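*Asks:* For reference, the structure I am asking about is given below.
Read-outs: derived from the displayed coordinates by stated rules, not from any lab. Fair warning: this is a prediction, and the values are worked out from it, not measured in the lab. Positions of Cβ are generated from backbone atoms using ideal geometry, with glycine treated the same way; all protein chains shown enter the neighbour counts.
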Amino acid sequence: MENDVRKILIAGVGNELRQDDAFGVMLAQKLQVEASLPPSVKVMEIGSAGIHLVQQLFDKYDVLLLLDIVKWGGAAGTIHFKEVEVKDIAELPTDEKNEFLADMHYINPLKALMMAKALKVLPKQVLFLGCESEEHEEIGIGISAAVEAALPIAFNKVKDWVNNVGYSISLGASCA
């Protein structure tokens, strides 16, 4: 492997039983089947169990790209792609830290990133590709039309980023 090749983990997050929350998992599945990515890029489905993500990060990646839904106030189907800063567990108030540590078996992906940072396995660069959801609070199978229409856009954005952009984006960048 050449020195300029960066080891990348692309992780699809979500719950396929909660409507639009399936976005990250569906996008990861689409990338696994349809994308022709370099061997230095691993794509996997994390689902909703973040501890699996922490375990995978022990393989030492340079970049982590999380795929998930968001509710950031945009129109359903809007794609955001940005670098994120991960909190340090030591910065949490004592009661939150105790609750965090009690939830080790089934931690959400954002807490998983904090755990990975504490264990010193968090990649230097953590990126997030999020899709604004229409509905993810109720149990149900199937994603909304807006999120379904965003899947090919997100798919192309990930492929372009890996293959053409040189593995870097500007902090806070987003696109619709």
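*Asks:* My understanding is that a pair violates if its Cα-Cα distance is over 18 Å; which of LYS30/LYS111; LYS7/LYS120; LYS60/LYS157; LYS82/LYS157; LYS7/LYS42 do that in this structure?
*Replies:* Long pairs (Cα-Cα over 18 Å): LYS30/LYS111; LYS60/LYS157.
*Asks:* Continuing with this model, one more query. What does the highest-first list of 23-35, 151-163 look like by mean Cβ count within 10 Å?
*Replies:* 23-35, 151-163
*Asks:* Report the gain in length on full extension from GLN55 to ASP95: 0.36 nm times residue separation, minus Cα-Cα distance, nm rounded to one decimal.
*Replies:* That pair, GLN55 and ASP95, stretches by 11.9 nm at full extension.
*Asks:* Rounded, prolate or oblate, given the Cα gyration tensor of segment 8-164, with a/c below 1.5 counting as rounded?
*Replies:* oblate
*Asks:* Here's something else I'd like to know. Within a Cβ distance under 12 Å of ALA76, other residues only, what is the Lys/Arg minus Asp/Glu net charge?
*Replies:* Net of charged neighbours comes to -4.
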